[in-house]
Amino acid sequence: MTQERELTSAHWGVYEVDRHEGRVRGLKALAEDPDPSPIGLAMWDAYRSPVRVHRPAVRRSWLYEGPGARPELRGREPFVEVEWEHALDLVAQDIERVRSQHGNQAIFGGSYGWSSAGRFHHAQSQVHRLLNAVGGYVRSVDSYSLGAARVLMPHVIAPMDELMAMHHGWDVMQANTRLLVAFGGIPAKNAQVSAGGAAEHRLRPGLAGLARAGCRMVNISPVSDNFDAPAGSVEWIPIRPNTDAAALLAMAFEVVQAGRHATAFLQSHCVGFDAWWAYLNGESDGVAKNAEWAAGITGIPAPVLRQLALDMAGTRSFVNIAWSLQRADHGEQPYWAALSLASVLGQIGLPGGGLGVAYGPANLMGSPHTKFPGPTLSQGRNAVAAFIPVARIADMLLHPGARFDYNGASHVYPDIDLIYWAGGNPFHHHQDLNRLARAWRKPSTIIVHEQVWNAHAKMADIVLPATSTLERDDIGFATREPLLVAMKAVMPAPGQARDDYAIFADLARRLGAGEVYTEGRDTAQWLRHLYEESAERARPLGVELPSFDDFWRAGEFRLPAAKQPVVMLEAFRADPVAHALKTPSGRIEIASARITGFAYDDCPGHAVWQAPREWLGAAAAAVHPLHLISDQPHTKLHSQLDFSAYSLANKVQGREPIVLHPGDAKARGIAAGDVVRVFNARGACLAGAVVNETVMPGVVRMSTGAWWDPVAAGEADTLDKHGNPNVLTCDQGASRLSQGCAAQTCLVQLERFNGELPPVTAYDRPALEALDRGKMRSSDGA
Ligand SMILES: Nc1nc2c(c(=O)[nH]1)N[C@H]1C(S)=C(S)[C@@H](COP(=O)(O)OP(=O)(O)OC[C@H]3O[C@@H](n4cnc5c(=O)[nH]c(N)nc54)[C@H](O)[C@@H]3O)O[C@H]1N2
Ligand SMILES: Nc1nc2c(c(=O)[nH]1)N[C@H]1C(S)=C(S)[C@@H](COP(=O)(O)OP(=O)(O)OC[C@H]3O[C@@H](n4cnc5c(=O)[nH]c(N)nc54)[C@H](O)[C@@H]3O)O[C@H]1N2
Ligand SMILES: [Mo]
C-alpha cells in the first residue's frame with residue numbers, strides 16, 4: 001500500500017492536508033465527505049496564533065511564596081516563565097506534598113472536556129492514567145452533555161452510549177418513517193462533530209432524503225432554525241423552553257384517551273403503564289394531563305397537540321429528542337416522557353419507528369457503518385473511591401464534607417487541595433462562572449495543560465504548554481465512521497509546547513511511576529500497540545485490519561459498512577425475553593420500582609411534569625422575563641477555536657451574538673448590531689444583538705464558546721465583556737437522581753449597552769515575567 005493522500009482528523013471531520021511541492025499550505029475538505037465542516041479548516045491558521053502557550057509558566061505568588069499563596073490573585077497577577085525541568089520538579093513536589101499531607105483523595109483529576117481528536121493523545125485519558133499510576137484521584141462521572149439522561153436511561157431502557165450507537169440508519173428512516181416529530185430540532189450545526197472525527201457528514205443528506213421520501217417533519221422548539229431539512233419541508237410548533245415534558249405527557253394522554261394505544265406492546269415489552277396512566281388521567285392528583293392542560297404550560301394550542309398525537313398513532317412515526325432538553329432542571333422528565341409516549345405508540349423496534357436520543361447532537365446517529373472497537377488508551381485503576389457528578393464541581397470546592405444525593409445513594413464531597421486538569425475548559429463550560437471563580441480559590445494548587453491562554457489557563461497556578469493535534473502523530477477514529485486515519489504531524493509545535501504524553505511520562509518518572517505510566521513505550525510504540533489491540537478486538541466482528549506498517553504507510557483504512565440495515569431495538573422487539581433489556585424488569589420501565597424506591601421528591605417513579613426553577617411561567621419572569629437558551633455554537637466546538645478567523649467572523653462588534661425576537665428588541669429600543677447587556681441576579685455579560693423571528697417571543701439564544709473575559713481580570717461578579725452565557729446560568733443539579741447540568745433553565749433580562757464599550761481582552765496573553773532567582777524560597781530546589 002502506498003499513500004495517495006495525506007489525512008488528518010479533528011472532532012469536526014477528517015481533512016486532507018494540502019501539500020504543494022513538499023510544503024503544507026493548509027487543510028482542505030475530504031473529497032468524499034458529502035457535507036464537510038468548515039470549522040476544522042480554520043485549525044491550520046489558528047494553531048499558529050500568538051494566543052498559544054509557548055513556555056511553562058507559574059503564577060507569581062505561587063512560585064515565590066508556595067502552594068496556596070494568595071489564591072484570590074488567580075487570573076489577576078503575572079505568570080513567571082520557567083524551564084521545563086523546573087516546572088516539572090514543582091509539579092512533582094506538589095503532588096508529593098498533597099499525597100503525604102492529605103492523601104490522593106485531595107487530588108481532583110476530573111478534568112472534563114473533549115480535548116483533541118486523536119485516540120492516543122487524548123488529554124483526559126492521559127491525565128487519568130498518570131494520576132492512577134501515582135495512587136488515584138477524585139474523578140467525575142457522567143457528562144455535561146447528558147447528565148440527566150445518562151443516569152435515568154439505564155434504569156428505564158438502556159445506557160445512552162448503547163442507544164446512541166444503535167439508531168436506525170438514515171436509509172432505514174427514509175424507507176419507513178412517515179412522520180418525524182423532533183423536540184429541539186435536528187441541527188446540522190451540531191452533527192458537524194463526532195468525538196474522534198466524522199468522515200462522512202450525513203445529517204443534511206439524511207434529512208433531504210426524508211423530505212424526498214415524503215416524510216412529514218415537525219419541529220417542536222423555541223427556535224426555528226435548528227432543523228436542517230430542505231426549506232419548506234418542516235412545520236414549526238413553538239414551545240416555551242423547558243416545558244416539553246408537559247407536551248409529551250399530554251400527547252400520550254390523548255392517544256390513550258382515543259383508544260389508539262398499543263396495548264399488546266405495552267403488555268409484552270413494558271412495565272408500569274397502569275401506574276403512569278393513573279397519573280395521566282388525574283386519578284393520583286386530580287388533574288388530567290390532556291392537551292388543554294398542556295396548552296396552558298407549553299403555549300401549544302390544544303387542538304394542534306391533540307391532532308399531532310393522533311397522527312403519530314396513525315402512521316409509522318418517530319419521536320426525536322435533543323440532548324438540550326435534559327440539560328435542564330428536571331431534565332429527566334422529557335426523556336422519560338418521550339420514551340413512555342413512544343411505548344404507548346408501540347413502534348419501538350420497527351424500522352423507522354420509535355424514539356431517537358437523538359439525530360442531531362452528533363454525526364454518529366444514523367450511521368450505516370459497523371460498530372467497531374477502535375483504539376483506546378487504558379487509564380489504569382483508580383484507588384480512590386470518591387467521585388462527584390461532573391457538574392457539581394463548584395459545590396465540591398465550596399462545601400467539602402457536605403453530603404449529596406446521587407442515583408439512589410448518599411455521598412460526601414471530598415476536600416480538594418490540588419486540581420490537575422488537561423483537555424477541558426471549566427471557565428467555559430461550567431454554570432454560574434462567578435460562583436466557580438469564588439470556588440476556585442479553595443485548592444492550594446491548580447495545574448493545567450493547555451494549548452492556549454484561555455480563561456482556564458489564566459486562572460491556574462502552573463500552566464504547561466500542550467501540542468495540538470496537527471503537531472503530533474496519532475490515530476483518528478470515531479464510532480461508526482468509515483475511516484481509520486493515520487494522523488501524521490504536519491506542523492512544528494510552537495515554542496516549547498510538548499505532547500501531554502511526553503509531559504506525563506517525565507512527571508511519572510519523577511514520581512517513581514515511569515514504568516507503570518509508559519510501559520516502556522514511546523509514542524510510536526504506543527500507536528502500534530493500540531492499533532494491534534484494536535485489530536484483535538475487530539477480528540471476531542469479521543473486520544480484518546491491515547498490519548500497522550501497511551496502515552501507517554497507506555495513511556488510512558476504510559472500514560466496511562454493516563451488512564444489514566441498522567434497525568434500532570429490532571432484536572428486543574422480536575423477542576423481549578431472549579433479548580431482554582438490562583433494566584430490572586428486562587423491559588421498558590414506564591414506571592420504575594427502583595426509582596420509586598429512591599423516594600426523591602424531584603424525580604418520582606414515572607415521568608411527571610414539575611415546573612422548573614426558572615421558566616416563562618415562573619413568578620421570577622416578572623423581573624427577568626426572557627428565557628435564555630445557551631446552545632452549542634455553529635462556528636466552533638465549545639470554546640475550542642473561539643479565536644479562529646471563522647469564529648471571529650460571526651461575532652457582533654467582537655461580542656458573541658444573542659438572537660432576540662423583533663418584538664422583544666423593539667420593546668427595549670434595541671436594533672440589530674447593538675451591543676446589549678444581558679443580566680440576572682447571578683451575573684452579566686455583553687453580547688451583540690441579532691434580531692429576527694427564528695426565536696419565539698420571550699426567548700433569547702446565545703451560543704456557548706466565547707472565552708470568559710471579566711472587566712476586572714479573574715474577578716468574580718464583574719461584567720463579562722465578551723458573551724459567555726455561563727455567567728448567567730444556574731449551578732444546581734437537574735435533580736437528586738442525576739445532579740446533571742441544568743444550563744438551559746435560565747431567565748434573564750437585557751438592555752441596550754450605552755456605556756463606553758470595553759475592548760475584548762479574552763485573547764490577550766497574561767503578563768509574563770522572567771524568573772527572578774533571588775525571590776525563590778530555599779526549599780524550592782530548582
Ligand atoms: N450554558 C451552557 N454550558 C454548557 C453547555 C450548554 O449547552 N450550555 N454544554 C456543555 C457541554 S455538553 C459540554 S461537552 C461542555 C464543553 O466543555 P469544554 O470543556 O468547554 O469544551 P472542550 O472542547 O472539551 O474544551 C477543550 C479544551 O481543551 C484544550 N485542548 C484541546 N486539545 C488539547 C490537547 O491535546 N491537550 C490539552 N492539554 N488540551 C487540549 C482546548 O484548548 C480547550 O480549552 O460545555 C458544557 N457547558
Ligand atoms: N458545532 C458544534 N457542534 C456540537 C458542539 C459544539 O460545541 N459545536 N457540541 C457537541 C456536544 S459536546 C454536545 S453535548 C451536543 C449537544 O447537542 P444538543 O444538546 O442537542 O444541542 P444544543 O445546540 O444545545 O440544543 C439543540 C436545540 O435544542 C433547542 N432547545 C433548547 N432548549 C430547549 C427546550 O427546552 N425545548 C426544546 N424543545 N428545545 C430546546 C435549542 O434551541 C437548540 O436548537 O452537540 C455537539 N455538537
Ligand atoms: Mo457535550
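The values are calculated or read from the model by the stated rules, or taken from the named source; none is laboratory data. Everything numeric in this text was worked out from a predicted model, so none of it was measured. As a convention, Cβ positions derive from the backbone with ideal geometry for all residues, glycine included, and neighbour counts pool all protein chains shown. When the accessible area is computed, the model is the full protein with side chains, heavy atoms only, and any ligands, DNA or RNA have been set aside. Shrake-Rupley method; radii C 1.70, N 1.55, O 1.52, S 1.80 Å.
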In whole percent, the Cα-Cα distances of the range 186-327 spread across 10 Å bins from 0 upward as 10, 34, 33, 18, 4, 0
Here the equivalent ellipsoid of the chain, derived from its Cα gyration tensor, has semi-axes (largest first, whole Å) of 41, 31, 26
Between the Cα axis of helix 302-313 and the main Cα principal axis of the chain, the angle (0 to 90°, nearest 10) is 90
Glu72 and Ala593 label points (each 7 Å along its Cα→Cβ direction) are spaced in nm at 5.7
The range 619-752 accessible area per residue, 1.4 Å probe, protein heavy atoms, integer Å², reads 29
Inter-part gap, Cα centre of the range 128-154 to Cα centre of the range 29-89, in whole angstrom, is 24
Under the Karplus relation with 6.51, -1.76 and 1.60 and θ = phi - 60°, whole-Hz ³J(HN,Hα) for the range 132-145, x at Gly and Pro, equal 5, 5, 10, x, x, 7, 6, 9, 10, 10, 6, 9, 5, 4
Checking rank on 34-41, 327-334, with mean other Cβ inside 10 Å and highest first, the result is 327-334, 34-41
At R0 = 56 Å the Cβ-Cβ FRET efficiency linking Gln3 and Glu283, nearest 0.05, sits at 0.25
Per residue, accessible area of the range 74-169 with a 1.4 Å probe, heavy atoms of protein chains only, in Å², comes to 25
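Arg773 to Val24: extension gain in nm, 0.36 nm per residue of separation minus the Cα-Cα distance? It would help to have the intermediate numbers written out before the result.
On the way: separation 749, 0.36 × 749 = 269.64 nm, distance 4.18 nm.
That works out to 265.5 nm of additional length.
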Heavy-atom accessible area with a 1.4 angstrom probe orders Arg202, Arg25, most exposed first, as Arg25, Arg202
Carbon and sulfur atoms account, in whole percent of the 1.4 Å probe accessible area of the range 301-415, for 56
Stokes-Einstein D for the range 147-216 (20 °C, 1.002 mPa s, Kirkwood Rh from Cα pairs), in µm²/s, comes to 154
Taking Lys and Arg as +1 and Asp and Glu as -1, residues besides Ser639 with C-beta under 12 Å from its C-beta add up to -3
Total charge of the residues flanking Ala611 in space, meaning their Cβ is under 15 Å from its Cβ, with Lys and Arg +1 and Asp and Glu -1, is -4
Whole-number value, in Å³ per residue, for the convex hull of the alpha carbons of the range 619-752 is 119
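Packing-wise, with mean Cβ within 10 Å as the measure, how do 627-634, 665-672 rank, highest first?
The packing order, highest mean first, is 627-634, 665-672.
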Over 18 Å (Cα to Cα) among Lys189/Lys721; Lys371/Lys563; Lys442/Lys775; Lys458/Lys721 -> Lys189/Lys721; Lys442/Lys775
For Arg403, the net charge from surrounding residues (Cβ-Cβ under 13 Å; K, R +1; D, E -1) works out to 0
Descending packing, highest mean Cβ count within 10 Å first, for 138-151, 600-613 is 138-151, 600-613
Share of accessible surface on carbon and sulfur in the range 619-752, whole %, 1.4 Å probe and ligands ignored, is 55
Short to long, in 5 Å steps from zero, the percent of alpha-carbon pairs of the range 607-655 per bin is 4, 17, 17, 13, 10, 13, 15, 8, 3, 0
With the charge dipole of the range 388-460 built from beta-carbon charges (+1 for Lys and Arg, -1 for Asp and Glu) about the Cα centre, the Cα from Ala455, Gly401, His411 projecting farthest to the positive end belongs to Ala455
In Å², rounded to a whole number, the accessible area per residue of the range 273-374 with probe 1.4 Å is 25
Taking only the Cα positions of the range 703-774, the convex hull volume per residue in Å³ is 174
In the range 458-592 the accessible area split gives carbon plus sulfur, as whole percent at 1.4 Å, a share of 52
